[in-house]
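Down below is the structure, laid out as structure tokens.
The values are calculated or read from the model by the stated rules, or taken from the named source; none is laboratory data. In this text, all values refer to a predicted model and were calculated from it rather than measured experimentally. Cβ atoms come from the backbone with ideal geometry, glycine included; neighbour counts cover every protein chain shown.
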2 protein chains.
Amino acid sequence: MVDPVLKEESETQNAAFEEVVYDPVTALEHSIREALEADSPQRIRELLISVHAADIADLLERFAPDDRLRVIDTIRLDFDPDVLAELDDAVREEVIEHIGVEETAAVVAEMDTDDAVQVIEELDEPEQQELLAEMSDSDRVLIEEALTYPEDSAGRMMQRELVAVPPYWTVGQTIDYMREHADQDESDLPETFYDIFVVDPGHRPIGTIQLSKLLRTKRPVMVAEIMAEDMERIPASMDQEDVAFMFRQRDLVSAPVIDDGERLVGAITIDDVVDVIHEEHEEDIMRLGGVREDDLYDAAIETTRSRFSWLFVNLITAVLASIVISFFEGTIDQIVALAVLMPIVASMGGNAGTQAMTVAVRALAMKELTPTNSLRLIGKEILVGWINGVLFAILIGFIAWYWFNNPLLGAVIAVAMVVNLVVAAAAGTTIPLLLERVGVDPAIASAVFLTTVTDVVGFAAFLGLAAIFLF
Amino acid sequence: MVDPVLKEESETQNAAFEEVVYDPVTALEHSIREALEADSPQRIRELLISVHAADIADLLERFAPDDRLRVIDTIRLDFDPDVLAELDDAVREEVIEHIGVEETAAVVAEMDTDDAVQVIEELDEPEQQELLAEMSDSDRVLIEEALTYPEDSAGRMMQRELVAVPPYWTVGQTIDYMREHADQDESDLPETFYDIFVVDPGHRPIGTIQLSKLLRTKRPVMVAEIMAEDMERIPASMDQEDVAFMFRQRDLVSAPVIDDGERLVGAITIDDVVDVIHEEHEEDIMRLGGVREDDLYDAAIETTRSRFSWLFVNLITAVLASIVISFFEGTIDQIVALAVLMPIVASMGGNAGTQAMTVAVRALAMKELTPTNSLRLIGKEILVGWINGVLFAILIGFIAWYWFNNPLLGAVIAVAMVVNLVVAAAAGTTIPLLLERVGVDPAIASAVFLTTVTDVVGFAAFLGLAAIFLF
């Protein structure tokens, strides 16, 4: 029943809007804290009884480790497997350590294969073995199989449960088949699915049918007649980033996964893809800032260690910049104004270069850069660097002139500014491209090389020009 | 037919894997370039005839503006509306300008309401009016209605086409209804859908049924018996970021949108949500780098202008740092080694602060920070800053000592390093929290304030301590 009055109704819509914020957890968090303070496990159980697993996971992440484990202890008797699946890796490790391998094995056994794999793959090798040993043979075999696929591959993302039918079945047969298998709790049918896969006698997928299509087709029609044949088949070894890209590009909701022999071995659904997109997003952002993905939930000492290496690289490049400055000790000794002004050129170059670099790194990640348009991008960036360089050269030139009452000093810093902004633009685009070419992830390494270039060129250009023209 | 031999088959899977890359466009791009050089529109048409709209859009984005418009001219006679919908905003604007308002209106009229709104909302007001004037009355009304909702709201994302049934219908009735409406091209049924919404007589949604559930239920069962009542209802004014958060949190594939009177006015599907997640992701990354989202496809002059403002702010903070240095001109004049070493402390502070800031900004965006755990985070960050500060103080202290053969200089830079890394940690966490409190987007503004603090404190601590202890 599509409502015909829909149109009139929605015309009353253009009233003032207040923004609606979706926040299912904050109020609950407050009540749980009260219950923790009152030391009332009964109350905590009551509060959490009808809360969605994803929200419970979020709640647990918000608490300090002590309180977190107290809440876990309260609900562990009927622990929802989905809560464990939804937790952040660092927090999940803590929880698993607390409840022990035996109890974890029982919880993991209740999960879908894709979720179980996701939990187990994050554990250390000995813990994995211990946990697998606690599981039933059939569960263990499925999980061990999934673990043979490379990390972050389609084989790890997929679920084994799917619906596949031969092409000569009718719509009616297909629906009846699903109805018959609906009641069996132990059926191989997935709980939720969005597409039916049509397979040939060799179990190779030859078509898909969206459920909304199946529902609108009359019973006697053969599935071969309504299946879409131009579907995407995902090789089990495909990287999860490529899977996510494909889903987005094709607006897919589920897709078949095939092995080397092109046989259907599983299905990937959009919810797992959304998690991957989100994960990759977190990773991108965190790496740009020089931190690990789990940073928020890691212990301080873990965080310190993982950040140290990035800062250490920065120390080396900063010392490199200092060495460049030391070449001009004599020059600085004569005009101390140079020491005052010299960070400006380096700082502007670093920021302008970062702008160009951000665009190049993103374009590479989005597969939008090819050899031909890379040259175009470099050309454009150098032009942008040159224009902005000239504008800021004029600004800083006048500032320096008036500040130190020395027009020649103004001219020197102005020229250095143009030089450094053009170099920054060129380096900001070419460094990511070169790193990609030699197989290093540009998102991680570009920033270090870039700031080294802009610092060295910034100090050298300014102090070098000063050494030549101011004496 | 769920294949029972699936398990045995997949055991042959653990052979060596080579990575499969999903790249449907690059080979095609090469062929089209050849066809462009050979000036063969016929060949271009042949090449593109069975290519997916999203891939055509990607292809067009890869070409230089001239070539792009030549390809457009070749295929404009049977222009697929989805190509226009999939294009990047900046490129789409170029294409619309090229093909003209009249032709654009014809293309937009063929789109689903959600896609049409997405295209039109990006145009300038006068262009919007021109385009709407060219459309049929019914199309125009729908689009104008959608445009009354705030930008980036659920009301703009939703499609009007959906399936809603009363609770007393049976599964059989529902399926028959959909079959009857399958053939009509002008039916109000959406082409693809994943859930059926159950509405009360006031057209308020009271439950949803996943199609896979409907398909597995016998015909005489009433929909009220199998509907899920604990569904999420999305207010039309909800921000798209919150919608995306909700879909991810609840693993949704589609959800009903309601107006102020709680009546069902539309449905949001996962493909639109994936686009939003992706868009927000691009925005986050680009803003961290100080560039606009469309930067890659903007003309050089546009890019220069948008980046200028960010660099201008940086110039001011750099000058501020220089003013701090100028207070110590006398000190530098006596020991030129200070000028050589001074960028190191500031640079280390900037990077350490950025690490802390990245974590805080992400946690705020992911709604993972609350008043209680914010304090915990600040405490942890200061501890991390202190530990890394001590470690790097020892390193740089010895370097400075040996370099300039001056143990006191080593001690001064070491103390300055600890001070600046602790300040950086505190500022990196508190600045985003304060900005969020006063309603400024922390992702945009945090970096500017942070580097100002770390530069000023870095230079002041090092030169100030030197002024006190080295003379």
When you look at B:SER347, is it more than 8 Å from chain A (Cβ to nearest Cβ) and polar (S, T, N, Q), yes or no?
no
Could you name every one of the helices (runs of 4 or more DSSP H) located completely within the stretch B:203-260 that has at least 2 residues being β-branched (Val, Ile, Thr) and surrounded by 19 or more Cβ atoms within 10 Å (Cβ to Cβ)?
none
Given the condition small (Gly, Ala, Ser) and touching a Pro at 6+ places or on another chain (Cβ under 8 Å), answer yes or no: does some residue in the stretch B:133-155 qualify?
yes
Mind checking whether some residue in the stretch A:409-417 is more than 15 Å from A:MET342 (Cβ to Cβ) and either in contact (Cβ under 8 Å) with a residue 24 or more places away in the chain or facing another protein chain (nearest Cβ under 10 Å) (or both)?
yes
Tell me, which residue of the stretch A:56-84 that is among the charged types (D, E, K, R) and closer than 24 Å to B:LEU375 by Cβ is surrounded by the fewest Cβ atoms within 10 Å (Cβ to Cβ)?
A:ASP66
Could you list, in sequence order, the residues of the stretch A:396-414 that are part of a helix (DSSP H, G or I) and surrounded by fewer than 17 Cβ atoms within 10 Å (Cβ to Cβ)?
A:PHE398, A:TYR402, A:PRO407, A:LEU408
With the requirement that a residue be farther than 22 Å from B:HIS281 by Cβ and in contact with a Ser or Thr (Cβ under 8 Å, 6 or more places away or on another chain), what does the stretch B:430-443 give you?
B:ILE431, B:LEU433
From (1) surrounded by fewer than 17 Cβ atoms within 10 Å (Cβ to Cβ); (2) not in a helix (DSSP H, G or I), pick out the condition that doesn't hold for B:ALA106.
(2)
Number of the condition not met by A:THR303 [criteria: (1) under 30 Å from B:THR192 (Cα atoms); (2) among the β-branched types (Val, Ile, Thr); (3) at the interface with chain B (Cβ under 7 Å from one of its Cβ atoms)]
(1)
Of the residues B:VAL453, B:VAL440, B:VAL390, only one is under 29 Å from A:SER322 (Cα atoms) and away from chain A (no Cβ under 11 Å); which?
B:VAL453
For the stretch A:134-149, give me each residue that is free of Cβ contacts under 8 Å to residues at least 12 places away in the same chain and not hydroxyl-bearing (Ser, Thr, Tyr).
A:ASP137, A:ARG140, A:VAL141, A:GLU145
Looking only at the stretch A:107-119, and only at residues there that are of a type in the set (A, V, I, L, M) and modelled with pLDDT under 85, the one that is farthest from A:MET158 (Cα to Cα)
A:ALA109
Unique match (being modelled with pLDDT of 90 or more, closer than 27 Å to B:GLU241 by Cα and either of a type in the set (S, T, N, Q) or in the same structural domain as B:LEU311 (by TED's automatic domain parsing) (or both)) among B:ILE399, B:ILE378
B:ILE378
Condition check: within 12 Å of chain B (Cβ to nearest Cβ) and either over 16 Å from B:GLY289 (Cβ atoms) or out of contact with any Pro (no Cβ under 7 Å at 6 or more places or on another chain) (or both). Does A:PHE471 satisfy that?
no
Members of the stretch B:262-295 found to be without any contact (Cβ under 8 Å) to a residue 24 or more places away in the chain, farther than 28 Å from A:ALA53 by Cβ and either within 8 Å of chain A (Cβ to nearest Cβ) or in contact with a strand residue (DSSP E or B) (Cβ under 9 Å, 6 or more places away or on another chain) (or both), listed by number:
B:GLU282, B:ILE285, B:MET286, B:GLY289, B:VAL291, B:ASP295
So which of B:ALA352, B:ALA339, B:ALA356 ends up being more than 7 Å from every other protein chain (Cβ to nearest Cβ), surrounded by 19 or more Cβ atoms within 10 Å (Cβ to Cβ) and either over 27 Å from A:GLU381 (Cβ atoms) or touching a strand residue (DSSP E or B) at 6+ places or on another chain (Cβ under 7 Å) (or both)?
B:ALA356
Of the conditions (1) touching a Lys or Arg at 6+ places or on another chain (Cβ under 6 Å); (2) within 21 Å of B:GLN210 (Cβ to Cβ); (3) not in a helix (DSSP H, G or I), the single one that B:TYR149 does not satisfy is (2)
If you go through A:GLU97, A:GLU122, A:GLU93, the only one that is under 27 Å from the mean Cα position of the chain (by Cα) and in a loop (DSSP other than H, G, I, E, B) is A:GLU122
I'd like the full set of residues that are in contact with a strand residue (DSSP E or B) (Cβ under 7 Å, 6 or more places away or on another chain), more than 10 Å from every other protein chain (Cβ to nearest Cβ) and under 19 Å from B:THR217 (Cα atoms), limited to the stretch A:152-177.
A:THR170
